[in-house]
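Here's the structure we're looking at; comments come further down.
Where a number appears in this text, it was derived from the coordinates with a stated rule and is not lab data. Model, not experiment: these values are computed from the prediction. Every residue, glycine among them, receives a Cβ derived from its backbone with ideal geometry; neighbour counts consider all protein chains shown.
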Amino acid sequence: RAARSEEAEAPVQDDENHAEVAKEAMAKFMNAALAGDAVSGEPLLRGPLAVHDADIWGCTALHAAAKGGSLRLVQGLLERGAGLHVMDAWDEMPLHLAARAGNTDICDELLAHGALVDAVNTQDWTPL
């Protein structure tokens, strides 16, 4: 009976382990993305990174990469289906952050993928 009990618990433990690994990958990626560090960030794109997950402020990996300035990371996230129109706690989309940071190449990339230029944040500012 103990073997059956352990087998029944294995999927739960696997789910918990996967969630923890994904959470750690997200934290590492967010740090690399905010620093514009494609060398550290790109390998994480091939791992368990959940591109739709957000931090406590609603920022996704794409928000961080857009702000951090790595075009390669932004492109990698877009290839994995990252959401262009996700708003953070200040109603800002990745395009808002890229524009504020002066990352024009990233603005161009986001616009080419359909980013909204007329989206307003909590201060009624548009990205461009």
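Annotations
- Rounded to the nearest 20 debye, the dipole size of the range 2-83 about its Cα centre is 540 debye, using +1 on the Cβ of Lys and Arg and -1 on the Cβ of Asp and Glu.
- Taking the chain and dividing mean pair separation by its residue count, relative contact order in percent (alpha carbons under 8 Å, at least six apart): 19
- Within the chain, longest stretch free of exposed trypsin sites (Lys or Arg not before Pro) [DSSP loop, at most 15 other beta carbons within 10 Å]: 81-128
- Of the complete DSSP H runs in the chain, those spanning 27 angstrom or more by Cα along the long axis with a mean Kyte-Doolittle score not below -1.0 are 2-34.
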